[in-house]
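Here is the structure we will look at.
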Amino acid sequence: MERTLARQVARTRLADYWSLIKFPQTALLLITAFCAYLLTHGLPADLPQVAGMAAALFLSVGGCTALNMVLDRDIDARMGRTASRPLAGGRIRPLSGALFGGALSAVGLALAFALDVRFGGVVAAGFLFDLLVYTAWLKRRTPLSIVFGGVAGGMPVLAGRVLALGRIDWVGVLIAASILLWIPSHILTLALRYADDYRRAGVPTWPIVYGVAPTRAFIAVANLLNVGVLTACGLLLRINALALALLLALSCGMVVLAVRQLVAPTERGNWRLFKLASIYMLASSLLLTVGVLV
């Protein structure tokens, strides 16, 4: 009986620490990085290099996410959506969370630089933008913090390109920019749905500071700009015509959904846009990759 209880406690503890890295979000960024690497390097991939890239990014991104949650634990505790998180709920102490996130980050960044200095530099830039600029400095001060969060979100895909190519080029910058332009559909739809939560936590989001209608307009404009950015990526990479057509159709579909929310907004439509945003990001990365390889 005691042994069974001990196992349950250990599993719960492990699950709490695992949740600190937000695996679905981290995995999505890893997939974009792998796609950028593969569309640049081609097949067959350098498996040891890919494994090193995956490990470095998983540890550095997951560690940064855990450290962000340490810094944001007071905000999370005041929001119904996040109050049950391990740090906000008191199941993990801040020092323990900081040590966990710091250890993952240190190993991940060290591995990134050991793999390739230029790759490590891009990964480190994303880490610093996310942890220090976005979370520690700007998140509690201005709604424009999401721009810098978006820059951090684009670093893994840029890192994948840099690792395979050996330098930063316009294609890498454009692919990273597409992640930045994806951020409003992901973050601002969430801010619209949980506006009261963010207001209670004292976080200045776009809906709170600029209003609901301008926020929806910003989401629509970001999606429209992303059509141009992804089209430019496809043309520069000379992807397969069918893949380019599907990429354009998918991007235009996101624009239609965003404009519909601007003209005739509904809570259901806003949540659908949020859910589809991650699928769109994943699908666009895969289409660019497959379009190059076939």
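Over all directions, the average projected area of the alpha-carbon convex hull for the range 192-294 comes to how many nm²? Before the final figure, lay out each step's value.
Values: hull surface 27.5 nm².
Result: a mean projected hull area of 6.9 nm².
Can you find, among Ala136, Ala112, Ser178, the residue sitting farthest towards the positive end of the charge dipole of the range 78-217, where Lys and Arg contribute +1 and Asp and Glu -1 at Cβ?
Checked the options; the winner is Ala136.
By how many nm would the segment from Gln25 to Leu225 lengthen if fully extended, with 0.36 nm per residue of separation less the alpha-carbon distance?
69.7 nm is the gain from fully extending Gln25 to Leu225.
Let me have the 222 nm mean residue ellipticity of the chain computed from DSSP H runs of 4+ only, each contributing -39500 (n - 2.57), with the sum over all residues rounded to the nearest 500.
Values: 14 runs with 229 residues, N = 294.
Per the formula, -26000 deg cm²/dmol.
Taking the Cα-to-Cβ direction at Leu144 and at Val209 and moving 7 Å from each Cα, how far apart do the two end points lie in nm?
Those two pseudo-labels are separated by 0.8 nm.
Simple spin-label model, 7 Å along Cα-to-Cβ: Asp74 to Ser278 in nm?
Spacing of the two 7 Å Cα→Cβ label points: 2.9 nm.
Would you mind calculating the gained length between Arg13 and Leu95 on full extension (0.36 nm times residue separation, minus the Cα-Cα distance), in nm to one decimal?
28.0 nm
Met79: net charge of surrounding residues, Cβ under 15 Å, Lys/Arg +1, Asp/Glu -1, itself excluded?
+4
For the chain, taking Cα atoms only, what is the radius of gyration to one decimal and the Dmax to the nearest whole Å?
For the chain, the Cα-based Rg and Dmax read 19.6, 63 Å.
In debye to the nearest 20, how big a dipole does the chain give about its Cα centre with +1 on each Lys and Arg Cβ and -1 on each Asp and Glu Cβ? Show your work: numbers first, answer last.
Numbers: 26 positive and 12 negative charges, 150 e Å.
The calculation lands at about 720 debye.
Rank Val162, Ser278, Ala232 by how far each Cα sits towards the positive end of the charge dipole of the chain (+1 on Lys, Arg Cβ; -1 on Asp, Glu Cβ) and give me just the farthest.
Highest projection toward the positive end goes to Ser278.
Quote the charge dipole size of the range 163-254 about the Cα centre in Debye, to the nearest 20; the model charges only the Cβ of Lys and Arg (+1) and of Asp and Glu (-1).
In total the dipole reaches around 40 debye.
For the range 84-96, what does the Karplus curve 6.51 cos²θ - 1.76 cosθ + 1.60, with θ = phi - 60°, yield as ³J(HN,Hα) per residue in whole Hz, taken in order and with x for Gly and Pro?
Karplus-based 3J(HN,Hα) across the range 84-96 equals 8, 4, x, 6, 5, x, x, 7, 10, 6, x, 5, 5 Hz.
P(r) of the range 1-167 in 10 Å steps, Cα pairs, percent per bin?
11, 36, 31, 16, 6, 0
Report the label-to-label distance for Ala110 and Trp271 in nanometres (one decimal), using points 7 Å from each Cα along the Cα→Cβ vector.
Taking the two extended label points, one gets 4.5 nm.
Whose amide H sits under 5 Å from the amide H of Ile92, counting only residues 5 or more places off or on another chain, with H placed in the peptide plane?
Leu87
We did not get these values from a lab; they are worked out from the coordinates using the rules stated. Please read all numbers here as calculations on a predicted model, not as lab measurements. Note that we place each Cβ from the backbone using ideal geometry, even for glycine, and neighbour counts take in every protein chain shown.
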